[in-house]
Amino acid sequence: QAHAKVWHLYNDHFRPTQRGKVSIALSSHWIKPQRVTEKNIKECQKSLDFVLGWFAKPIFIDGDYPESMRNNLSSLLPKFSEAEKKYIKGTADFFALSFGATLSFQLLDSHMKFQQLESISLRQLLYWISSEYNNPPVFIVENSWFVSGSTKRDDAKYIYYLKKFIMEALKAIRYDGVNVFGYTVWSLLDGFEWHRGYSIRRGLFYVDFQSHDKRLMPKSSVLFYQKLIEKNGFPPLPENQPIEGVFPCGFAWGIVDNYIQVDTTPAQFLDSNVYMWDVHQTKKLIKVDGVFTAKRKRHCVDFAAIRLQISLLQEMHVTHFHFSLKWSLILPLGNLSLVNHTLVQYYRCFASELLRVNITPVVALWQPMSENQELPVSLAKNGAWENPETIQAFVEYAKFCFTSFGDHIKFWITMNEPSVKNLTYIAGHNLLKAHAKAWHLYDKEFRRFQKGKISIALQADWVEPACPFSRNDQEVADRILEFDIGWLAEPIFGNGDYPQVMRAWLHRRKSVDLYNFYLPYFSEDEKNLIQGSFDFFALSHYTTTLVGWEKEDALKYDHYLEVQMINDITWLHSPSRAAVVPWGLRKMLKWVKSKYGNVPIYIMANGIDDDQNMMHDKLRVYYIQNYINEALKAYSLDNVNLQGYFVYSFNDKTAPKYGLYSYAANQYKPKPSMKHYREIIDNNGFPGPETPELLCPEEIASCPECQFFRTRNSLLAFISFVFVAFIVTIVFINYYSKRVERRCK
């Protein structure tokens, strides 16, 4: 009633001359049902009625309280007279809304939730207000989030919540037709925050409460908000717009399967027994004792599982297929004393069948997967990569593979995605030496005859400073890139030693901590051995991470590297919470080029999980489309020497939720993402009307069996000549014999 009287006072006496507007500011939360049932939806409505509708409905609708309040509170709720209802109704020129961390959440009485779930969806609240109160003009008079009281000026968490809320307000305007005409951030500077006191901060300006003059300093959020106001929202950035164009001739379009499905069940044709069909009684085959057929050698066609996998790959139109061998199964004892010849034959057949259909096999010798890291048990139990003996065991295994498969495999990966998160510094040291020795072995003993190439594949997710205006956050991002990628990349592709950033950081930590942060040293001979042991740079890239230096969330803070992991809640995320950030791939490729020169680069794995129950994997279609387009930008605009791109993964059987083929009841079914990827492959990128036509010479299939004929052209010409001469002679003999017969008659 007081509000209504003031509104009428202004309306009657001041509005004609001052021409202003008056309203009441109401605070609200948003609530969603625990389960979508009619009862829960009604409880959500009741929750909003009790908090927001209590004041909003009398003013914006009919001058009376919500029906749900009347039914629940009965005589406790006062009643308006008809005159009062008429007087209160319509006493607002706009809807002033407060939606934020303190009033909307911490102070909300738990009874007001009615056993439903609170949510921070400003967009849904705005839509509800628009629907409930006849689409009034809305002014958001207070909105933001908070950071810890110990956070100083780089308030990344605050920035991303602010970004989310303003984006949701924009979506409500653009997509939902909500009449939002203003937005206000709370607050200008840090202060006393209700029941939370000084334990949190919500200001755009940092206040040093310990200083005598309570100094004010602008936070990163000030710069963010200032830029946002200048742009009046979020206009599309030119660098994030898709481009048209195609990749170079011979670009490798591939697919990844961590491990191919190995089924060495012998075919029926290898069984030398003779059977009779008991058609009268058991209706089964009965083996005839003492009768055998001649045994024959095992052939590739006997592995039925290979044909299905090859046919699926052909359907995809890929040119390359990347998979890993299982060291632990090929050499179970870790040495040549026991060899799984059946598995070796299976791998040989698989590779030869790939070549037969013009698909290049890309094969990793080792990939850490299971609890034993896919090492032979004897090596895993004796220290794994921390034991120097594993180095020589790996070299012997590599030599065996080069010898056994080298005729068919020309594209080798020594180690595929060694996880730096699970490596000790000693293990990483030995792993690098093992890689280098295997590379030199191939280079000296096999390359001249097999004419292949070999390198290591590293996981390389991009790391971005959480506060783009913060030097401290940039330093943290640079440090993480060196620890995550430079640790194994710098010795091989750089100067033969570990990054200086790593050494300096670990030296500093060792001087203040009790933990062992010792990073081993290479001898000069070892540096020379490791440096340059590559033919290309192979990387796997999946997502982008934001990092900062301010400790905000203890659960996501890495004390070892003194880094805070931050989440941009406006980014698109997969069901496993992996962020979809296409531009991170382009930044990663540019970083590799700037660090290691114009090295040939292959993106050996790039993929995202999706909901397995969804018929259309729209997220993966979006992911593939945009990540490949960013790769095209790196190639076309940044002159990155990009040679190939591989999607992860082949099917859901071996990589659940990641596959381009679904798998159920022993059947594979292509997802929309597979068909979309195939279309990109067929176009060799994203050609447009103005894209010049790329004429590529037809490639000859890499077929080892065909090599015999290719290197003996003269012999083939001679055989052809003899064959033609033989045919001509037969024709002439036949012709003259018929003429002689006619003369005799």
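The values are calculated or read from the model by the stated rules, or taken from the named source; none is laboratory data. Just so we're clear, the structure is a prediction, and the values are computed from it rather than from any experiment. With ideal geometry, Cβ positions are generated from the backbone for all residues, glycine too; neighbour counts draw on all protein chains shown. Side chains included, ligands, DNA and RNA excluded: accessible areas come from the protein's heavy atoms. Shrake-Rupley method; radii C 1.70, N 1.55, O 1.52, S 1.80 Å.
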Yes/no for Phe181 being in contact with a Ser or Thr (Cβ under 8 Å, 6 or more places away or on another chain), touching a residue at least 60 places away in the same chain (Cβ under 8 Å), open to solvent by 40 Å² or more (accessible area, probe 1.4 Å) and outside any helix (DSSP H, G or I) = no
Looking for whichever is of a type outside the set (Phe, Trp, Tyr), more than 17 Å from Asn472 (Cα to Cα) and crowded, with 18+ Cβ neighbours inside 10 Å here; the options are Gly548, Gly584. Which one fits?
-> Gly584
Only listed residue being in a loop (DSSP other than H, G, I, E, B) and among the hydrophobic types (A, V, I, L, M, F, W, C), chosen from Val647, Val640, Val621 | Val640
Which residues, taken from the range 28-45, are among the hydroxyl-bearing types (Ser, Thr, Tyr) and open to solvent by less than 40 Å² (accessible area, probe 1.4 Å)?
-> Ser28
Note on the range 567-581: residues more than 13 Å from Ile608 (Cβ to Cβ) and either open to solvent by 60 Å² or more (accessible area, probe 1.4 Å) or of a type in the set (S, T, N, Q) (or both) are Asn567, Thr570
Please list, ordered by first then second residue, the pairs with beta carbon atoms under 8 Å, 6 or more apart or interchain, first in the range 619-632 and of a type in the set (Asp, Glu), second open to solvent by 10 Å² or more (accessible area, probe 1.4 Å).
-> Glu630/Pro582; Glu630/Trp583; Glu630/Arg586
Filtering the range 157-178 down to residues that are under 16 Å from Ser98 (Cα atoms) and among the aromatic types (Phe, Trp, Tyr), which residue is most open to solvent (accessible area, probe 1.4 Å)?
-> Tyr161
Scanning for something in contact (Cβ under 8 Å) with a residue 12 or more places away in the chain, in a helix (DSSP H, G or I), of a type in the set (Gly, Ala, Ser) and touching a Pro at 6+ places or on another chain (Cβ under 8 Å), does the range 35-47 turn up at least one residue?
-> no
Kindly indicate the residue of the range 131-153 that is polar (S, T, N, Q) and not in a strand (DSSP E or B) and also least open to solvent (accessible area, probe 1.4 Å) among those meeting that condition.
-> Thr151
Single residue of Val395, Val362, Val339 found to be hydrophobic (A, V, I, L, M, F, W, C) and more than 20 Å from Leu458 (Cα to Cα) | Val339
Among the residues of the range 605-612, is there at least one that is out of contact with any helix residue (DSSP H, G or I) (no Cβ under 9 Å at 6 or more places or on another chain), open to solvent by less than 20 Å² (accessible area, probe 1.4 Å) and modelled with pLDDT of 95 or more?
-> yes
Please give the number of the condition Cys300 fails out of (1) modelled with pLDDT under 90; (2) more than 30 Å from Phe251 (Cβ to Cβ); (3) in contact with an Asp or Glu (Cβ under 7 Å, 6 or more places away or on another chain).
-> (2)
Examine the range 480-490 for a residue that is on the phi < 0 side of the Ramachandran plot, open to solvent by 30 Å² or more (accessible area, probe 1.4 Å) and touching a strand residue (DSSP E or B) at 6+ places or on another chain (Cβ under 9 Å), and state whether such a residue exists.
-> yes
Which residue, of Ala460, Ala466, Ala504, is assigned by the TED database to the domain that holds Ile603, closer than 27 Å to Glu550 by Cα and in contact with a His (Cβ under 7 Å, 6 or more places away or on another chain)?
-> Ala460
For the range 207-214, state whether one or more residues are part of a strand (DSSP E or B) and surrounded by fewer than 20 Cβ atoms within 10 Å (Cβ to Cβ).
-> yes
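Yes/no per residue for (1) out of contact with any His (no Cβ under 6 Å at 6 or more places or on another chain); (2) surrounded by 19 or more Cβ atoms within 10 Å (Cβ to Cβ); (3) assigned by the TED database to the domain that holds Val178; (4) closer than 30 Å to Arg202 by Cα:
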| position | (1), (2), (3), (4) |
| --- | --- |
| Trp7 | yes, yes, yes, no |
| Ser47 | yes, yes, yes, yes |
| Ile61 | yes, no, yes, no |
| Glu82 | yes, no, yes, no |
| Ile88 | yes, yes, yes, no |
